[in-house]
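K.L.:
Take this structure, written in structure tokens, and hold onto it; I'll ask about it next.
No lab work stands behind these numbers, since they all come straight from the coordinates. Every value quoted in this text rests on a predicted model; they were computed, and no experiment measured them. Heads up, the Cβs are rebuilt from the backbone with ideal geometry, glycines too, and the neighbour counts pull from every protein chain shown.
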Number of protein chains: 2
Amino acid sequence: MNGKSTTTRTKLERGRSALGPALELVHTGRAPTRAVLTSELGVTRATAGAVAAELEALGLIKVDSSPGSAAGSQGRPSHRLSIRDDGPVTLAAQVHSDGFRAALVGLGGRIVATAPGCVTVMADPAQVLGEVVEAGAQLLRETGLRCVGAGLAVPSAVAEPEGTALNPMHLAWPGGAPVREIFTSRVRAAGITGPAFTGNDVNLVALAEHRHGAGRGAQHLLCVATGHRGVGGALVLDGRLHTGSSGLALEVGHLTVNPEGRPCHCGGRGCLDVETDPLAFLTAARRTPGPEESLLKQAGDLLRTEYADPAVRTAAEELIDRLGLGLAGLVNILNPDRVILGGLHRDLLEADPDRLRAVVADRSLWGRSGSVPILSCTLAHSSLVGAAELAWQPVLDDPLTALV
Amino acid sequence: MNGKSTTTRTKLERGRSALGPALELVHTGRAPTRAVLTSELGVTRATAGAVAAELEALGLIKVDSSPGSAAGSQGRPSHRLSIRDDGPVTLAAQVHSDGFRAALVGLGGRIVATAPGCVTVMADPAQVLGEVVEAGAQLLRETGLRCVGAGLAVPSAVAEPEGTALNPMHLAWPGGAPVREIFTSRVRAAGITGPAFTGNDVNLVALAEHRHGAGRGAQHLLCVATGHRGVGGALVLDGRLHTGSSGLALEVGHLTVNPEGRPCHCGGRGCLDVETDPLAFLTAARRTPGPEESLLKQAGDLLRTEYADPAVRTAAEELIDRLGLGLAGLVNILNPDRVILGGLHRDLLEADPDRLRAVVADRSLWGRSGSVPILSCTLAHSSLVGAAELAWQPVLDDPLTALV
DNA sequence: GCAATTTGTTTAGTTGCGGCACAAAGGCAG
DNA sequence: CTGCCTTTGTGCCGCAACTAAACAAATTGC
């Protein structure tokens, strides 16, 4: 401690306090014009103008005066706000059992560039993460864009604050692997600037859908999704991921949804995990499951193309009923104002939306909470976009500090 | 709209922005001195001094300079901060199946005066609330204290934003009774100033315990408690009650904890509600249940005095195992950093804490979340204190506005 | 009694933002 | 085309809440 510059600058570093909220409004598409920004922020036009000018000076947004055709209202047309195409990006990475992938993602959730990635995942997390980061670094070199951070989505619960992957069983990775530490060191080694983050994939899907997809505007968003095996959940509260006190919240796979069901490795019977995932569906429909990394596709294709087959239909209805029971339990506990489904659960919803909604309404305690909207996830690469959101968060919280 | 005074005063009305946080720190006992207040608020000594002086000028706190014996540290002793004994109070009211009660509660959760209340609850909510408010108004007349608001705890889920009691079945009240509206109008009719609030009793227990009891300092506090019948839950996140999007969160009574258990009115079997409440305990211990309004006391007494009886012990262990299963499910979903138990669950915890903790650790997914501390509720009249917290909240958020 | 330490107080300066007045840019009616 | 109305953007003033820095006060330890 030199005793001089430690306590100084607290206010200077904070910068204009409305800057972060303003950027978030543009980022999520809720502030198309400066006039809307003014009312959404609850500040005067003068302040909103200054904030927009500052975000423009930072190279994050564009302020287009007189874009020609405005809305039909009278009065002076408002300046339009939009994310700059050539602004900074974040590096987003994703690891699943069917491969890994890297992309550059700009503000607004726009995927600027994607690397082809790999379809096999090695057993050594350091090697996998090294390759995926290198793919992202290559994209950065090709595009010459500025990178302000990196985010990684993994199909495992991530314990906080350590950043270890607790159950990456579908990756053949060792349990408890320090994925955040590995990812961070690989990002540093690749010469990429900015902080690095790691999160559970379903959490990041929920975050992405909340900001840019089917979850926009929800205050209490519950997301439930399958991968190839197992079920994950996530909750976004007031725009922030709720990960619990140690990152393990919304581990919903072991809710009991079938008292007479098959045993689960958790010690119980009939858990959501083993009753509503793609393997459960294929088994119930009496099909031969293919390799693990294609279970989701196999189950989804079966559901979409052979729903007329009685065995398929019966299996689907069975899973829908079980899923509905699980969702009803979660609705009773969390009381969300919107539920979105991904993976096979999304396909089940679309196969028979009325049945699923009826089960949830019937088994959640009161009609009011039973009438919670249940929707499909809509984004194409939501876990990549969600990983990018992690990296964008410091910028959204305080653009001045995050961008130096 | 007169077009003149609508948008003005937004900043003036806000007042000194650190005032609310400072009062909350004193209120919850986390700022015993001005020096601590300075560091907790993260402001300069000058600001903390001004804030403390302003709270003193508002008549809320005392600033005692030189209280004689300070702590052993060297340097100039810091001024002590404390809640004023003769400061304003809130009116707290509570309705349970075994009676209702009114009290005056000061800052810091101190119960200033209590009205004896009544042990029978009539079927007409308007009449009950009228009587309990009148009892509180009488206390106010006797003490001459200033009242800044009123809060009511009811043993029912309270739907938001309507403020209706959805399932006050143990009160013989009609479902959907507009309790907030009735309570507010009775408070107004009694000439009591300030806003009126209504909440679920377990929620308010959790809030009170978080601020003044066993939940202090927890960031993610889960509270589970029984009354005479049924089980309720509550979650306090970052100091605020999580009531979900429509007030119905943490309706935990219908988690499945015994697949072969008795049928529940919800349509399932073996729900937490019917497997771990006082009636379930008395039945399992082969005792004759007394009248509904004494079930909790009967079960608690039995558990504490006759634990040596094999039937009692077996019943207790059965309930502990079921409760542990339910808690494990909640821990998996919510990942709290502390769990507190009330009602019979508290007694069960104290009868065999190791057994309960072992079940939760065993059935929650990872050791880390399994090691969540499970504690007993400690406050004497926590639902009254919690109801008072509701009424204090506007003052804690912005003392200047709330106190005019 | 004197230094060291910690806390309280005063003063000056910075700053984010509201309030206000005015300018700008469109629609609408004649 | 020309006013008039409506809505939005901008410059200027001032306030209020804070920080920073210097000084004063109260205690411990030597």
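K.L.:
If you bin every alpha carbon distance in chain B into 10 Å steps from zero, what whole percent lands in each bin?
P.N.:
With a bin width of 10 Å, the distribution comes to 5, 21, 29, 24, 15, 6, 1, 0.
K.L.:
Connecting C-alpha atoms closer than 10 Å in a GNM of chain B, tell me which of B:D201, B:D347, B:D238 has the biggest fluctuation.
P.N.:
Most flexible of the set in this elastic network: B:D238.
K.L.:
Moving to a separate point now. If each DSSP helix of 4+ residues adds -39,500 (n - 2.57) and the sum is divided by the residues in chain B, what number results at 222 nm, nearest 500 deg cm²/dmol?
P.N.:
Details: 16 runs with 167 residues, N = 404.
Value at 222 nm, helices only: -12500 deg cm²/dmol.
K.L.:
Sticking with this structure for a sec: Mind checking the angle between helix B:125-143 and chain B's longest principal axis? C-alpha axes, 0 to 90 degrees, to the nearest 10.
P.N.:
40 degrees
K.L.:
Under 17 Å Cα to Cα from B:K297, which aspartates and glutamates show up? Leave out anything in the same chain fewer than 8 places away.
P.N.:
Partners within reach: B:D98, B:D277, B:E306, B:D347, B:E350.
K.L.:
Report, for A:D337, each distance to the same residue's label point in the other copies, shortest first and in nm; define the point 7 Å along Cα→Cβ.
P.N.:
Nearest to farthest, the other copies are at 2.8 nm.
K.L.:
Once the principal axes of the Cα atoms of the protein assembly as shown are found, what is the range along each, listed largest first in whole angstroms?
P.N.:
79, 64, 63
K.L.:
Quick one: what do you get for segment A:217-376 if you divide its Cα Rg by 2.2 N^0.38 Å?
P.N.:
On the way: Rg = 15.0 Å, N = 160, 2.2 N^0.38 = 15.1 Å.
This ratio for segment A:217-376 stands at 0.99.
K.L.:
Okay, moving on. What ³J(HN,Hα) values, in whole Hz, does the Karplus curve 6.51 cos²θ - 1.76 cosθ + 1.60 give for segment A:28-42 when θ = phi - 60°, with x put for Gly and Pro?
P.N.:
For segment A:28-42, the Karplus-derived couplings read 8, x, 8, 10, x, 9, 5, 5, 5, 4, 4, 6, 5, 6, x Hz, x marking Gly and Pro.
K.L.:
At 7 angstrom along the Cα-to-beta-carbon line, where would the label on B:E260 sit relative to the other copies? Give the distances in nm, shortest first.
P.N.:
Distances to the matching label points in the other copies: 1.4 nm.
K.L.:
Which residue, B:R34, B:R16, B:R141, tops the fluctuation ranking in a GNM of chain B built on C-alpha contacts under 10 Å?
P.N.:
Result for chain B, Cα springs under 10 Å: B:R141 fluctuates most.
K.L.:
With a/c under 1.5 counting as rounded, go ahead and sort segment A:16-83 into rounded, prolate or oblate using the C-alpha gyration tensor (a ≥ b ≥ c being the square roots of the eigenvalues; past the cut-off, prolate if a/b is larger than b/c, else oblate).
P.N.:
On the way: a/c = 1.75, a/b = 1.43, b/c = 1.22.
The shape class here is prolate.
K.L.:
While we're here: Can you give me the relative contact order of segment A:191-339 as a percent, contacts being Cα pairs under 8 Å and 6 or more apart? Before the final figure, lay out the partial values.
P.N.:
On the way: 225 pairs, mean separation 31.8, N = 149.
Taking the mean separation of contacting Cα pairs over the length of segment A:191-339, I get 21 percent.
K.L.:
For chain A, what is the relative contact order in percent, using Cα pairs closer than 8 Å and at least 6 residues apart in sequence? Intermediate results must be reported in sequence, preceding the final value.
P.N.:
On the way: 826 pairs, mean separation 65.7, N = 404.
The value is 16 percent.
K.L.:
Quick one: in chain B, whose Cβ comes closest to the B/A rotation axis, and how close in angstrom?
P.N.:
In residue-and-Å form, the answer is B:P259, 2.
K.L.:
For segment A:16-83, what's the relative contact order in percent, using C-alpha pairs closer than 8 Å and at least 6 residues apart? Don't skip to the answer; put the middle values down first.
P.N.:
Values: 76 pairs, mean separation 23.5, N = 68.
Once normalised by length, the contact order is 35 percent.
K.L.:
I want to verify a result. In a Gaussian network model of chain A, Cα cutoff 10 Å, which of these has the top mean-square fluctuation: A:A234, A:A115, A:A53?
P.N.:
Highest fluctuation among the options: A:A53.
K.L.:
Further question on the same structure: With θ set to phi - 60° and the Karplus curve 6.51 cos²θ - 1.76 cosθ + 1.60, what are the ³J(HN,Hα) couplings of segment B:371-376 in order, to the nearest whole Hz, using x for Gly and Pro?
P.N.:
My calculation for segment B:371-376 gives 8, 5, x, 10, 10, 8 Hz in order.
K.L.:
By how many degrees, 0 to 90 and rounded to 10, does the Cα axis of helix B:179-189 deviate from the longest principal axis of chain B?
P.N.:
Its long axis makes an angle of about 40 degrees.
K.L.:
Let me ask something additional. Return the percentage of antiparallel bridges among DSSP beta bridges fully within chain B, rounded to the nearest 5 %.
P.N.:
Bridges in chain B that DSSP calls antiparallel: roughly 65 percent.
K.L.:
Another question, then. If each residue's Cβ is checked for other Cβ atoms within 10 Å, how do A:T33, B:T198 rank with the fewest at the top? Write down the numbers at each step before the final one.
P.N.:
Values: A:T33 19, B:T198 27.
Least to most surrounded, the residues fall as A:T33, B:T198.
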